[in-house]
Every structure is written in C-alpha cells, then in structure tokens.
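Report on the following structure.
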C-alpha cells in the first residue's frame with residue numbers, strides 16, 4: 001500500500017510540475033520574456049548588465065517567438081502570425097539573420113523608406129533627421145578603455161526622440177546608401193552609433209532585418225547590475241531610473 005501511495009504521489013507531483021513548466025513556457029513564448037544586455041551598442045539607453053522585459057505579442061508571432069527559434073515556419077509574406085510592423089524608434093529584440101544570436105537595436109527605417117547616412121547624419125526619405133548636441137565627454141568602457149563621445153538628441157519622423165552617442169562623423173558606418181529598404185525588412189541601428197554592428201554592415205553585421213526575425217519589443221528596464229565608479233575626468237553614466245523604468 002505504501003508503494004502504491006508513493007507512486008501516486010510521485011505521479012501527481014510530476015504532473016503538477018509539468019503543468020507549471022508548460023504554463024511558464026507558454027507565457028515566455030506568447031507574452032513576455034526577460035533578456036540581459038551584454039554589450040555597449042545601445043548606450044546610453046541600455047548598459048551592460050541591464051535586464052529588460054520584452055513584449056512578445058507586440059508584433060505578432062514567428063518561429064523566433066519560441067525559445068531557440070524552434071517554432072514552425074509560418075506561411076505568410078512576413079513569416080508572422082498576427083503580424084504588425086514596429087514604429088520608428090521602437091527598441092526591438094530579434095534573431096540575427098546569419099548567426100541566430102539574440103540582439104537588440106532601435107528601428108530607424110521601415111519597408112519602402114529611403115535611407116542614407118552622410119558623415120554620420122541620418123537622412124530618411126531625403127529629409128535630414130534633426131539632432132541637437134547635448135554634451136561632449138569621456139567615459140570608461142565596460143572592457144576598460146576610455147571613449148570620447150558627443151551626446152545628441154535625435155528626433156525621428158513621427159516625433160520619437162532618443163539620445164545617441166557619436167565618436168565622430170568619419171567612422172566606419174558613418175556613410176551609407178542611399179538605398180530603399182526592401183519589403184518585409186527593417187533598418188536598425190544601435191544608439192552608440194560608432195560602437196554598433198547593425199544594418200549598415202553586411203554579415204557579421206545585421207544588414208536589412210527580416211521582420212520574421214523579430215522576437216518582440218523591449219518595453220521595460222526591469223533592473224540593472226551595471227555599476228560604475230567615479231573617476232576624475234570621466235563621466236559616469238547616469239539614468240533617472242534603473243528599476244521598472246519604461247523604455248523609449
């Protein structure tokens with residue numbers, strides 16, 4: 001009798017934990033996922049050690065919505081179910097088209113947009129994107145070096161404004177195009193413009209990003225493990241909030 005009771009108890013507990021695992025997997029696949037930031041390509045918006053919450057239903061679903069991109073192929077022009085395009089300025093998490101690595105960048109251009117960079121200045125559909133110089137300073141990089149940057153506020157069409165870093169206007173990637181973004185593709189860049197491998201570069205860069213590769217939209221900075229010390233002559237990254245802070 002004890003043996004039977006133990007087996008029934010084991011089976012019941014196993015079923016319970018299997019149900020919990022299924023619920024968690026479903027939630028992570030269809031609702032939200034948490035990701036960490038491993039590089040400085042999105043400074044000053046996101047820093048190494050940040051943990052972000054990603055909305056996985058913002059743009060519909062594709063095979064990349066499932067962990068390890070193990071979902072089924074979806075027979076639509078975009079490769080997505082309930083698909084919706086991002087807006088310019090959205091922070092998107094996606095799978096790299098070549099390596100399948102998980103990355104985060106900012107959407108700059110949409111399908112059909114004409115995009116060009118001239119000495120670091122961004123042009124969308126032949127109109128120069130306004131930017132305002134906010135500051136110039138040096139900071140300690142995560143890997144130990146010191147970077148000198150200019151911080152700008154950049155305004156995309158539609159009124160979305162964000163901060164970018166530029167080391168200069170003659171770096172690799174500061175001249176691009178003009179070219180038109182193909183159907184069902186996006187043009188994405190890092191906010192740390194001269195320290196980001198993105199749509200301006202072919203593999204191992206991102207190139208034009210297929211919308212099928214979107215995982216979701218980064219909505220919230222959950223918390224940050226990024227710790228910086230004060231150093232003479234160097235600026236410490238300061239953000240208004242690093243706990244449950246909405247991202248933009």
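The values are calculated or read from the model by the stated rules, or taken from the named source; none is laboratory data. If you're wondering where the values come from, they're calculated on a predicted model, not measured in any experiment. We place every Cβ from the backbone using ideal geometry, glycine too, and count neighbours over all the protein chains shown.
Structural remarks
- Scanning the range 197-220 for residues that are at pLDDT below 95 and closer than 26 Å to residue 31 by Cα yields a count of 0.
- The residue pairs whose first member lies in the range 232-246 and is at negative phi, whose second member is assigned to a loop (DSSP other than H, G, I, E, B) and loosely packed, with under 10 Cβ neighbours inside 10 Å, and whose beta carbons are closer than 7 Å, counting only pairs six or more residues apart or on different chains, are 236/230.
- Residue 194 meets each of the listed conditions (1) surrounded by fewer than 19 Cβ atoms within 10 Å (Cβ to Cβ); (2) over 14 Å from the mean Cα position of the chain (by Cα) apart from (1).
- Candidates 159, 168, filtered to the one that is out of contact with any strand residue (DSSP E or B) (no Cβ under 7 Å at 6 or more places or on another chain), within 21 Å of residue 128 (Cβ to Cβ) and without any contact (Cβ under 8 Å) to a residue 40 or more places away in the chain: 159
- Of the residues 34, 42, the single one that is within 17 Å of the chain's Cα centre (by Cα), touching a residue at least 40 places away in the same chain (Cβ under 8 Å), surrounded by fewer than 18 Cβ atoms within 10 Å (Cβ to Cβ) and at negative phi is 34.
- Residue within the range 204-211 that is under 29 Å from residue 239 (Cβ atoms) and in contact (Cβ under 8 Å) with a residue 12 or more places away in the chain present: yes
- Only residues that are surrounded by 20 or more Cβ atoms within 10 Å (Cβ to Cβ) and without any contact (Cβ under 8 Å) to a residue 40 or more places away in the chain were counted in the range 94-120, giving 0.
- Residue satisfying condition, being closer than 20 Å to residue 206 by Cβ and not in a strand (DSSP E or B), within set 98, 159: 98
- Here is the figure for the range 45-73: residues that are more than 22 Å from residue 194 (Cβ to Cβ) and either touching a residue at least 60 places away in the same chain (Cβ under 8 Å) or in a strand (DSSP E or B) (or both) total 15.
- Selected residue (criterion: surrounded by the fewest Cβ atoms within 10 Å (Cβ to Cβ)) from residues of the range 141-156 that are more than 19 Å from the chain's Cα centre (by Cα) and not in a strand (DSSP E or B): 144
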